[in-house]
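S.K.: Sharing a structure here in C-alpha cells format.
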Amino acid sequence: MPVTIRRATIEDMLCMQNANLHNLPENYLFKYYMYHILSWPEASFVATTTDNVGDLEVGFEELASSSNNSTSSSIATKCDPCYVRSGEKLVGYVLAKMNDDPSAQQDAALNGHITSLSVMRTYRRMGLAEKLMRQALFALSEVYKAQYVSLHVRQSNRAALHLYRDTLEFEVLSVEKSYYLDGEDAYAMKKVLDTDELLPANFQGSKVQDDLESDLLQESPESLQEGIQQITV
Ligand SMILES: CC(C)(COP(=O)(O)OP(=O)(O)OC[C@H]1O[C@@H](n2cnc3c(N)ncnc32)[C@H](O)[C@@H]1OP(=O)(O)O)[C@@H](O)C(=O)NCCC(=O)NCCS
C-alpha cells in the first residue's frame, strides 16, 4: 500500500477536517484550516494513497453524468470525504503554523506550533506520523525560520506521547491542568529546531547525499558507459 507524503493544499482542507473529526475530539472550524494554509502554505503536510481506490473513480464519473436521483444517491454514498480527488485518498495529515500570538514578546524567538496530527486507523504503526511530523518540523525551521516548535498532548495519549517524546525528542515543559474541554490535563511540549539535523535526507534510510559535483558517469558500470557511447543523436 504505497503512501505519498506531500505538502497540503487548499484542495486537501475538507479531507483534513474530516480526518480530524474522525480521529480526535479537538476539532476546528473550516476557516481555521484555511487560515493555516493561506498564512503558512508550506508548513502542513498530508499522507495520501492511490491504492485500491478505483471503485470511487467510477462513482465520481457516474455521479457527474447521472440525472437519475436514486442512482445519484447510491453513488453519492461512495463519495467518501476521505477522497481528496478521484483516485487519491487522504490517510493522515499534520496541520502546522507559526505562533502569531500578538501578546507574545517582540523579542521572542520565532516559533512554530503543531495544531493537529492524525493518521487513519488502518494506516497507523507504519511510520506515517513520524514522517509527517519530520516534514513539518523541517519546513517550519527552513522556510519560516522557527527556532523551536511547541504542541500539547493529552496525558493519556500513549501513542502520541511516544511519538513526540521518544521518537522526535520533544521535551515536556509543563503540565497544563484541565487544558482540554473534558477536564483532562495536557503536557505542553517543545522541541528546539536545527535545520541541518532535520534535513529529510537524514531520515530516508540511505544517508548518501548528492554533492552535486561528482560525475555519475565516472562511477557507472562499464556496460552502461558502453551503452551511452553507442547512443547517437
Ligand atoms: C498518534 C498517531 C498520530 C501516531 O500515528 P502513527 O502513524 O501510528 O505513528 P508512527 O507509526 O509514525 O509511530 C511513531 C512512533 O510511535 C509509536 N507508536 C505508534 N502508535 C503507538 C501506540 N499505540 N502505542 C505506543 N507507541 C506507539 C511507534 O512505535 C513509533 O515508535 P518508534 O519510533 O519507537 O518505532 C496516531 O495513533 C493517531 O492518529 N492517533 C489519533 C489522533 C492523535 O492522537 N493525534 C495526536 C494528537 S496530539
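S.K.: If you scan the stretch 108-167, which residues turn out to be acidic (Asp, Glu) and either in contact with a helix residue (DSSP H, G or I) (Cβ under 9 Å, 6 or more places away or on another chain) or closer than 14 Å to Ser44 by Cβ (or both)?
M.R.: Residues of the stretch 108-167 acidic (Asp, Glu): 130, 142, 166.
Scanning the stretch 108-167 gives Glu130, Glu142.
S.K.: Considering (1) modelled with pLDDT of 95 or more; (2) within 15 Å of the ligand (Cβ to nearest atom); (3) touching a helix residue (DSSP H, G or I) at 6+ places or on another chain (Cβ under 8 Å), say which one Cys82 fails and leave the rest.
M.R.: It fails just one condition, (1).
S.K.: If you scan the stretch 116-134, which residues turn out to be surrounded by 20 or more Cβ atoms within 10 Å (Cβ to Cβ) and either touching a His at 6+ places or on another chain (Cβ under 9 Å) or under 15 Å from His36 (Cβ atoms) (or both)?
M.R.: Ser116, Leu117, Ser118, Leu132
S.K.: Among all residue pairs at least 6 apart or on different chains, which show Cβ distances below 6 Å where the first residue, located in the stretch 125-148, is within 20 Å of Thr4 (Cα to Cα) and the second is of a type in the set (Asp, Glu) and more than 16 Å from the ligand (Cβ to nearest atom)?
M.R.: Ala139/Glu42
S.K.: Anything in the stretch 156-179 that is in contact (Cβ under 8 Å) with a residue 12 or more places away in the chain, loosely packed, with under 15 Cβ neighbours inside 10 Å and more than 19 Å from the chain's Cα centre (by Cα)? List them, or say none.
M.R.: Selection gives Ser156, Glu171, Val172, Leu173, Ser174, Val175, Glu176.
S.K.: Let me ask another. For the stretch 22-29, indicate whether the set of residues that are among the charged types (D, E, K, R) and crowded, with 17+ Cβ neighbours inside 10 Å is non-empty. Steps first, answer last, please.
M.R.: Keep residues of the stretch 22-29 that are among the charged types (D, E, K, R), which gives 26.
When the remaining residues are screened for being crowded, with 17+ Cβ neighbours inside 10 Å, the result is none.
Checked against the condition, which is being among the charged types (D, E, K, R) and crowded, with 17+ Cβ neighbours inside 10 Å, the stretch 22-29 yields no hits at all.
S.K.: Taking interchain pairs and intrachain pairs at least six residues apart, which have beta carbon atoms under 6 angstrom, with the first residue in the stretch 24-45 and under 19 Å from Arg6 (Cβ atoms) and the second in a loop (DSSP other than H, G, I, E, B) and aliphatic (A, V, I, L, M)?
M.R.: Here the result reads Glu42/Val143; Ser44/Ala8; Phe45/Ala8, each pair linking the stretch 24-45 to a residue that is in a loop (DSSP other than H, G, I, E, B) and aliphatic (A, V, I, L, M).
S.K.: Please count how many residues of the stretch 29-51 are among the acidic types (Asp, Glu) and modelled with pLDDT under 95. Talk me through it step by step, then tell me what you get.
M.R.: Initial filter on the stretch 29-51 (among the acidic types (Asp, Glu)): 42, 51.
After this cut, where a residue has to be modelled with pLDDT under 95 as well, the list is 51.
Matching residues across the stretch 29-51 total 1.
S.K.: I've got another one for you. Kindly provide the set of residues from the stretch 154-176 that are charged (D, E, K, R) and within 11 Å of the ligand (Cβ to nearest atom), ordered by number.
M.R.: Of everything in the stretch 154-176, those that are charged (D, E, K, R) and within 11 Å of the ligand (Cβ to nearest atom) turn out to be Arg154, Arg158, Arg165, Asp166, Glu169.
S.K.: Could you please find all residues in the stretch 94-147 being assigned to a loop (DSSP other than H, G, I, E, B) and near the ligand (Cβ under 9 Å from one of its atoms)?
M.R.: Met120, Arg124, Arg125, Met126, Gly127
S.K.: Of the conditions (1) at pLDDT 95 or above; (2) of a type in the set (Gly, Ala, Ser); (3) assigned to a helix (DSSP H, G or I); (4) away from the ligand (no atom under 16 Å from the Cβ), Ser72 fails just one. Which one is it?
M.R.: Every condition holds for Ser72 apart from (1).
S.K.: Give Arg154, Arg158 a once-over and let me know the one that is of a type outside the set (Asp, Glu), within 17 Å of Gly127 (Cα to Cα) and at pLDDT 95 or above.
M.R.: Of the residues listed, the single one that is of a type outside the set (Asp, Glu), within 17 Å of Gly127 (Cα to Cα) and at pLDDT 95 or above is Arg158.
S.K.: Please enumerate the residues belonging to the stretch 1-49 that are over 11 Å from Cys82 (Cα atoms) and hydroxyl-bearing (Ser, Thr, Tyr).
M.R.: Thr4, Thr9, Tyr28, Tyr32, Tyr33, Tyr35, Ser39, Ser44
The values are calculated or read from the model by the stated rules, or taken from the named source; none is laboratory data. This structure is a prediction, so every number in the text was calculated from the model and none was measured. Positions of Cβ are backbone-derived with ideal geometry, glycine not excepted, and every protein chain shown enters the neighbour counts.
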